[in-house]
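In what follows, a structure is listed as structure tokens, so that the remarks can point back to it.
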Amino acid sequence: MYISKVSLVNYRNFANASFQFNKGINTIIGENGSGKTNVFRAIRLLLEDASLQYAYKLTEGDFNRSLDKGKWKGHWIIISVEFDELNDEEAIQSLFIHGVGVAAEDYVKKATYNLFFRPKADIRQKLSELAEGDAVGLQTILNSITIQDNYETFFTGKSTADFNDPNVYKELVGDFENVVFPSTIDASKFGSKIPHQLSVSKEISFTFIQALRDVVSDFHNNRTNPLLTLLKNKSGEIKEEDYQPISDLVEQLNESIEDLPDVQNIRSDIKSTIQDAVGLTYSPSSLSIKSSVPNEAEKLLQSLKLFIGEPGEEYEGGIHELSLGGANLIFLTLKLLEFKYRKSKDTFANFLIIEEPEAHIHNHIQKTLFDKLDYGDTQIIYSTHSTQISEVSNVENINILAKKLNFAEVYQPSTGLTPESINQIQRYLDAVRTNLLFAKGVILVEGDAEEILIPIMVKKVFGVSLDELGISLINIRSTGFENVAQLFHDNRIKRKCAILTDLDDAICDTTINEDDSDRLKKYKRKVEASKQKGLERKAKLDVFEAGNDWIKAFYADYTFEVDFITEGNEEEVIAIIDQVYTDQPTRVQAKTDIEDDGVAVYGKRVLTMAKQEGKGWFAIMLGKHISFKTEIPNYIVDAILFAKETYSNNIIADIIEYRMNKHFDDDDALDFSSCRESLTKYRAEEATLDDLAFDLDLVISDDQLLTFIDKLK
């Protein structure tokens, strides 16, 4: 038995979300604030005994933020957990069919367990009696509703409905827009009430390991100390005859302490001092000093402390002396051991939920630990924003959270893909960091030059990094764009993916003439072959991206290096000529070629330089000379704008302010006073981007910033 699906409707930052899980190890990844903790809290409300009480204490703050300011009134919170591969044992069957289990071939193999936080029966009755379209009557009822007086928590099972379907929600809860509310609820579809004497949480082993924050303080707290929890569990298994000798020794120790001369002298002095102060009538009838070293197993075990030696050190110290990573690793280990003890009991299923385990743990330990974290008979679900942990996660078992305005979306990256496609993606993710799964937008490139220079150009020219924009630039190398880009789709990851590649158009006339030398003929054929490959590549990508709004290809007319000069960046290339060539005549000729107006000349020269040095090393050399004056090729700017769908006023304003400052540093005669006034108003949403562009055009009319602004609009 394992959790196959978790549906959340109107719960916290989930307006409507569906998580899909498989047997074994599952991963939930997402940025901070995307809802990883909330989905675990939802699961715990249904499956963790300790959290059951909180299921009855939901508040208006637990409703999705899109239902704030009173809009939550009348709506339901729905948390549904679906189990698959139930066995035919009578006890587990009775939990889901609400009666005596059926030990036959048609026993229940899949079932749900649901939490409804809903208006009480009297409110639901009033809503059902409203005439269709009676918006005034509806608002009157809603205005009277309070969480404390009019809401209840209700558990059901054996439902067959898809709670993520908006039409199902209208059938169960009601249509608020058209004012149509059901008078009865179809229990066969939406589930019948779970009897109080039945509880899934009592029949399973469920362990939640919270995010590691301050584990040293947890070790000092008897309530949260994982070592003490383990010792308490074991203390109940100690035989009385084994413990009795220890208990006798503790009693002898207490008596020996009490009999110490100094202790007896102090006792006598206290007694005589009291008698001298208040007399015999008001003095205590007896007074003793007793040693209270506990002789009960549980209390005595509280005195035990864990001492650890860091790897490669002979010194053994307390938990507080360990590094944060060392302490967290020990804490996590003890919690895993606690789970092992618990799952050894006679339960129907074992669930281990781990929240963000990567805190302060070295990258190699993260990968090694969670590569080995597999207990076979246990379903494990952990959340993370660590690319190291996600690298060892199977792409079929990943749920990706994407934060939107007032809600979060959930994506399953392998949905609808063939096994062959899934294997291709998995092999790629195994070999390359998986930060493309975390980004708000992705740019795919296939060359070292683009991988090295694009981040540098963006930072130097716009003053913001790709990371600040939430864009991951991924070098796919020889993997093939389609193999990676297929992740981005309506059915999988709904994020923009820009593909950057070359058209490889001919930089010269490729017509073969009779008087051409053999060397020139060979060169022309090579250029023509590249052109044909470029056309074939574009035709293939045109078909691939057709009908998919999440993917778009952007092309250099020739190649990145050639287009870089075409855009007007010859000075940056000239700056490294002396590093590429050693003899003076060649240096002079190379400079002349780069400054030539014809692409046949400067194109051939820059490609020759890049080939001689290696494109990656050539890009590193070039990167040292990138400045705010460098012109980013238009096709790259278009890809950046596509990959990040929206740009806030503050980001745009930061870019504009950065370029104004750079221009002023370069020429303090420029007057940006009017521009700065417009910029302040723009940040406060009192001026438009057009207003700002107009002022900038009067000062830096030929700046690429204006092209960028025009593209934004």
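The values are calculated or read from the model by the stated rules, or taken from the named source; none is laboratory data. The structure presented is a predicted model; accordingly, all values stated were derived computationally and were not measured. Virtual Cβ from ideal backbone geometry, glycine too; neighbours counted across all protein chains shown.
In the range 481-491, the count of residues that are within 24 Å of Leu607 (Cβ to Cβ) and modelled with pLDDT of 95 or more is zero.
Of all the criteria given as (1) part of a helix (DSSP H, G or I); (2) under 26 Å from Ala439 (Cα atoms), the one not satisfied by Glu631 is (1). Within the range 506-526, residues that are farther than 23 Å from Phe560 by Cβ have Cβ atoms under 8 Å from residues that are part of a loop (DSSP other than H, G, I, E, B) in these pairs: Lys521/Ile512, counting only partners at least 6 apart in sequence or on another chain. Those strands (runs of 3 or more DSSP E) of the range 433-513 in which at least 3 residues are among the β-branched types (Val, Ile, Thr), considering only elements entirely within it, cover 441-445. Taking each residue of the range 58-76 that is hydroxyl-bearing (Ser, Thr, Tyr) and looking for partners that are part of a loop (DSSP other than H, G, I, E, B) with beta-carbon atoms closer than 7 Å, six or more apart or interchain, yields Ser66/Asn406. Among the residues of the range 523-555, those that are part of a helix (DSSP H, G or I) and either among the basic types (Lys, Arg) or outside the structural domain of Ile636 (by TED's automatic domain parsing) (or both) comprise Lys524, Arg525, Lys526, Lys531, Lys533, Arg537, Lys538, Lys540.
Is at least one residue of the range 693-700 outside any helix (DSSP H, G or I), more than 26 Å from Ile471 (Cα to Cα), within 36 Å of the chain's Cα centre (by Cα) and not assigned by TED's automatic domain parsing to the domain that holds Phe488? Looking for residues that are outside any helix (DSSP H, G or I), more than 26 Å from Ile471 (Cα to Cα), within 36 Å of the chain's Cα centre (by Cα) and not assigned by TED's automatic domain parsing to the domain that holds Phe488, one finds none in the range 693-700, hence no. Taken over the range 701-713, the criterion of being in a loop (DSSP other than H, G, I, E, B) and closer than 17 Å to Asp671 by Cα is satisfied by Ser701, Asp702, Asp703.
One line per residue, one yes/no per condition, for (1) in a helix (DSSP H, G or I); (2) in the same structural domain as Ile452 (by TED's automatic domain parsing); (3) in contact (Cβ under 8 Å) with a residue 24 or more places away in the chain; (4) among the polar types (S, T, N, Q):
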{"site": "Thr586", "(1), (2), (3), (4)": "yes, yes, no, yes"}
{"site": "Lys591", "(1), (2), (3), (4)": "yes, yes, no, no"}
{"site": "Asp597", "(1), (2), (3), (4)": "no, yes, no, no"}
{"site": "Ala600", "(1), (2), (3), (4)": "yes, yes, yes, no"}
{"site": "Met609", "(1), (2), (3), (4)": "yes, yes, yes, no"}
{"site": "Met621", "(1), (2), (3), (4)": "yes, yes, yes, no"}
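Screening Glu171 with (1) of a type in the set (Asp, Glu); (2) part of a loop (DSSP other than H, G, I, E, B); (3) under 15 Å from Ser128 (Cα atoms) gives one miss only, at (2). Answer with yes or no whether Ile640 is among the hydrophobic types (A, V, I, L, M, F, W, C) and within 30 Å of Lys404 (Cβ to Cβ). For Ile640, the condition - among the hydrophobic types (A, V, I, L, M, F, W, C) and within 30 Å of Lys404 (Cβ to Cβ) - is met.
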